[in-house]
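Only one structure is covered here, and it is reproduced in the block below.
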Amino acid sequence: MKKQPISDLFSRVREKRPLVHHITNYVTVNDCANITICAGGAPVMADAAEEVAEMAAIASALVLNIGTLNRVQIESMILAGTMANDRKIPVILDPVGVGATQYRTKTAQRLLDTLDIAIIKGNAGEIGVLAGAEAEVRGVDSHGLAGNPVTIAQDFAQVAGLTVVVSGATDIITDGKTTNLVENGHPMMGSISGTGCMAASVTGVFAAESKDRVQAATAAFAAFGIAGERAAASARGPFSFKTALFDEMASLKPDDLAREARIRTG
Amino acid sequence: MKKQPISDLFSRVREKRPLVHHITNYVTVNDCANITICAGGAPVMADAAEEVAEMAAIASALVLNIGTLNRVQIESMILAGTMANDRKIPVILDPVGVGATQYRTKTAQRLLDTLDIAIIKGNAGEIGVLAGAEAEVRGVDSHGLAGNPVTIAQDFAQVAGLTVVVSGATDIITDGKTTNLVENGHPMMGSISGTGCMAASVTGVFAAESKDRVQAATAAFAAFGIAGERAAASARGPFSFKTALFDEMASLKPDDLAREARIRTG
Amino acid sequence: MKKQPISDLFSRVREKRPLVHHITNYVTVNDCANITICAGGAPVMADAAEEVAEMAAIASALVLNIGTLNRVQIESMILAGTMANDRKIPVILDPVGVGATQYRTKTAQRLLDTLDIAIIKGNAGEIGVLAGAEAEVRGVDSHGLAGNPVTIAQDFAQVAGLTVVVSGATDIITDGKTTNLVENGHPMMGSISGTGCMAASVTGVFAAESKDRVQAATAAFAAFGIAGERAAASARGPFSFKTALFDEMASLKPDDLAREARIRTG
C-alpha cells in the first residue's frame, strides 16, 4: 500500500479539524473526546433526541457506540444516523459487547438494517457474531471466533455493503475488495479500558476527511497503533501508558505516520 | 485590583471545604469532581429529580452544566436551582454548546428566565448567542463573535442582572459595573476536553465563600489559569498536561495566587 | 491472620480474570473499569433493564453503586441482583451518599431488603446511617459516627446477615463473627474522587474467586491500600498519584500482597 495518501489524509485532518459527533457510552466517553482532539478532530457528545439531528447536521462524521446502551440512546442513534446518511457524512458503528446480550445484538442489527453504516469496527468476537460466524463475546471482550477472520470480514463487508474493521494484534480492514492488515499497536493497549472505543473515534476523525473508507480506517488504526507503540516505550504501567498514549497521539506527525505505519495487503 | 482579597478568599475556601453540588454532563464529570477537590471544595454529583433539592439544600454552591442535556436533567436543574435560590447559595451556569442546537439555546434561556443565576460562564460564542450578539458555536467550540466581547458581556450582565464570564486567552469577568480581565492561563488548556467545565467548577468553589461574584470568578479564573501555566511547564503533551493541571491546582497556595495573578480592570 | 490464603486468592484472581458486572455512577465509572482490569478482573458496565439480567448471568460478581442514582438504575439493580442471587455470585453494594438524601437512604434499604447482598462497603457515616447509628453524611463524605465503628459494623453484619466493610484510615471488615482491621492505605487516596468506588470494584474482583467474604474484602482492601502506599511514594500531587495508583495495582504481585499486608484481627 502507498503511504503518501495516508500521510496526506492526516495532514488534511489536522488542518480541517473535523467535528465528530459521538453518541457513546458513559464509561469511556472522556477518553473518546480527548483522543478525538489529540488525533486532530473536534469532539461533540450529544445524545438527546431533541438535538441529535441538529448536531449531526453540523458534524463531519458520526460515531455510534453501544457500550452502555439504553432505549433513549437507540432512538437518538436512529435520528442522528438518518441525518448523517442524508448529508452523506460517514457513520462509524462500534458494536461493543454484541453477542454478550440479545439486547446488544438486536440493537446492532437494527442499526445496520436502518442506517447506512460506513464503517463497523469490533473485536473478532463482535464482528463474528454480526457476520453470523461462530463467535463468543464475554462482557465486552472477544472470546474466540471459529474460522478465518479475514475471510469472515471480507464476506461480511460484501454482504452488508460496508467497510469492516476487526481490531486485534493485527487489525483487519476490508470493504470486501481491498483488504489491509495493520500491524501497528502494542499489547499494553489491552491493559486499559477504552482503547477499542478510542480507535473508533480516531476512525471517525479520519473518515471525516476521506471518502475512501478503507484508507481512512487504515490510517486511523496505523496512527493510533503507532501512538500505542511509542507510549509503551516510556510506560511504567497501564495508566502512565494511557497518559503517554494521548500525548503521543497528539504529537504524531503525518510524516511519522507514513514512516512507521506497518500495513500489508490481505 | 487588590490581590489580598482573592488570597484571603482562597484561604477561606481551603479552610471551609465548601460542598459544591453539580448537575453536569457525563463527559467531563470526573474532571469536575477532581478539580473541585483540588481547588479546595467537596464535590457532589446528583441529578435525580427525587433528590436534587435535598442535595442542593446542604450545598454551598450549585453548578449547572448543559454539556449533555436531556429532559430529566432539565427538570432536576430547575428543582435544584429553585432550592439554591431559596437558600441564597450561588448558582453557576455553564451553557455548553449554546447556539449549536436550538435545544441548548432554549434550555439555557429557560434556566436564565426561571432561576436567579449568579454567574454565567461561557466561551465568546456561547455568551454571544445568549447576549443576542452575532455569534457562532460549532459543537461546543466558539467560532467567533461579532463586536467587542467586553461591551457585549457588560451589557448582558446589566440586562440579565448577573455576573458574566467570557473565557478565552483573556478572561472577561463583569457584573456590568466592575470588569476584570484575567490574563492567566495557557494555550494547552485548549488541548484537552473539559477545561471549560472545570473552570465553572472552580468558580463554584470560590463563589461558595464570597458574596462578591466578580471577585469569586476572578479568583477562580486566576487560580485555575496559574495552575495551567505551571502545568504547561512540565507537560510533554495534552494528557501529561492534564495530570499536572490537577497536581498544580492542588498545590497552589493563597500567596502564590496573590503573587502570580495577572488581573487588569477592563 | 494467615497471609498465604490472600496471596493464593490473588493468584487465582489473576489467573481466572473474573468478569465483574457493574451498575454504577457516571462520575467514577471509568476508574472502576480500569481498577478492575488492574486488579486482575474484566469489567463490564451495563445498566439497561433490557440486558442486565443477561449480563449478570455471565458475570462472576456484581457491583452495585448508587453514586448517581436514578429510577431506571434502581429497577436494573433489582433485576441484575436477583439474577446474581439465583446464580449465587456475590453482590457488592456501595451505598454512596446514603444519609445525604432520603432517596439514597431508602434505595439502599430497599436493595438490602430485596437482595441478598454479600458485602456492603461504605465510609463510617454511610454504614452508620444504615446500621441505625447516629451518623452524618454530607454529600458523599462521612462527617462522623457516634459510637464504636467496630461494634456498630459487627452488630449490623449480624442483624443483616452480610459482610460489612467500613472504609477509613483503618478499614473494618466483619461478618459479625470474624473481624479484620486493615491498616494499609495512604491519606492521598482521599485527595481524588473515586477511591471508595474503586475499592468496591476491587472487592468485587476478589469476591468473585472466594466464598469467604471476609477474606475477599480483606485481601481487596490490603491490595488496594498497598497500591496506594506505593503510589504515594512517587506522586507529586493528586493526579500523578492517581496515575501511579493504577500502575501499582497492576504491578502488585501475590507475594507482595502477602508481605506488605498489615492486617489485625479486631
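FYI, it's all coordinate maths here, none of it is from the lab. Just so you know, these numbers come straight off a predicted model, no measurement behind them. Heads up, the Cβs are rebuilt from the backbone with ideal geometry, glycines too, and the neighbour counts pull from every protein chain shown.
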Shortest first and in nm, the label-point separations between C:Arg259 and its counterparts in the other identical copies (7 Å out along Cα→Cβ) come to 4.2, 4.2
Working note, the protein assembly as shown: Cα radius of gyration (Å, one decimal) and Dmax (Å, whole number) are 25.3, 73
So, over other residues within a Cβ distance under 13 Å of C:Lys177, counting Lys, Arg +1 and Asp, Glu -1, the net charge is -2
Cα-only Rg/Rh for the stretch B:115-257 with Kirkwood Rh rounds to 0.97
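Local charge sum around C:Thr195 (other residues, Cβ-Cβ under 11 Å, Lys/Arg +1, Asp/Glu -1)?
Once positives and negatives cancel, what remains is 0.
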Taking R0 as 30 Å and r as the Cβ-Cβ distance between B:Glu15 and B:Ala57, the FRET efficiency 1/(1 + (r/R0)^6), rounded to the nearest 0.05, comes to 0.85
Within the stretch A:147-233, DSSP-loop trypsin sites (Lys or Arg not before Pro) with at most 14 other C-beta atoms within 10 Å are A:Lys177, A:Lys211
Given unit charges at Cβ for Lys, Arg (+) and Asp, Glu (-), the dipole magnitude of the stretch A:87-231 about its Cα centre in debye, nearest 20, is 380
Taking the label point 7 Å from Cα along the Cα-Cβ vector, the copy-to-copy distances for A:Gln102, listed from shortest in nm with one decimal, are 3.9, 3.9
Taking a label point 7 Å from the Cα of A:Glu183 along Cα-to-Cβ, the residues of the stretch A:1-27 whose backbone nitrogen sits under 17 Å from it are A:1-3
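Based on the Cβ-Cβ distance from A:Glu134 to A:Ala169, what FRET efficiency comes out when R0 is 30 Å, to the nearest 0.05? The partial results should precede the final answer.
Details: r = 20 Å, r/R0 = 0.68.
Plugging the Cβ-Cβ distance into 1/(1 + (r/R0)^6) gives 0.90.
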Taking the label point 7 Å from Cα along the Cα-Cβ vector, the copy-to-copy distances for B:Ile58, listed from shortest in nm with one decimal, are 3.9, 3.9
Env charge @ C:Ile152, Cβ radius under 12 Å, K,R +1 / D,E -1, value -3
With the charge dipole of the stretch B:1-93 built from beta-carbon charges (+1 for Lys and Arg, -1 for Asp and Glu) about the Cα centre, the Cα from B:Thr36, B:Val13, B:Met77 projecting farthest to the positive end belongs to B:Val13
Bridge orientation stat for chain C from DSSP, antiparallel percent rounded to 5, came to 40
If you rotate chain C onto chain B, the residue of C with its Cβ nearest that axis, and the gap in whole angstrom, comes out as C:Tyr26, 3
Ordered by number, the GluC sites (Glu not before Pro) in the stretch A:113-195 that occupy a DSSP loop and have at most 15 other Cβ atoms within 10 Å are A:Glu134, A:Glu183
The size of the Cβ-based charge dipole (Lys, Arg +1; Asp, Glu -1) of chain B about the Cα centre, to the nearest 20 debye, is 420
Placing each pseudo-label 7 Å from Cα in the direction of the beta carbon, C:Ser251 and B:Lys253 end up separated by a distance in nanometres of 3.1
Rounded to the nearest Å, the spacing of the alpha-carbon centers of the stretch B:23-47 and the stretch B:111-189 is 22
Chain C, Kirkwood Rh and Cα Rg, ratio Rg/Rh at 0.93
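Can you give the charge dipole size of the protein assembly as shown about its Cα centre, rounded to the nearest 20 debye, using +1 on the beta carbon of Lys and Arg and -1 on the beta carbon of Asp and Glu?
1060
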Once the in-chain neighbours fewer than 8 apart are removed, the lysines whose Cα is under 30 Å from A:Lys177 read A:Lys2, A:Lys3, A:Lys16, A:Lys88, A:Lys106, A:Lys121, A:Lys211, A:Lys253
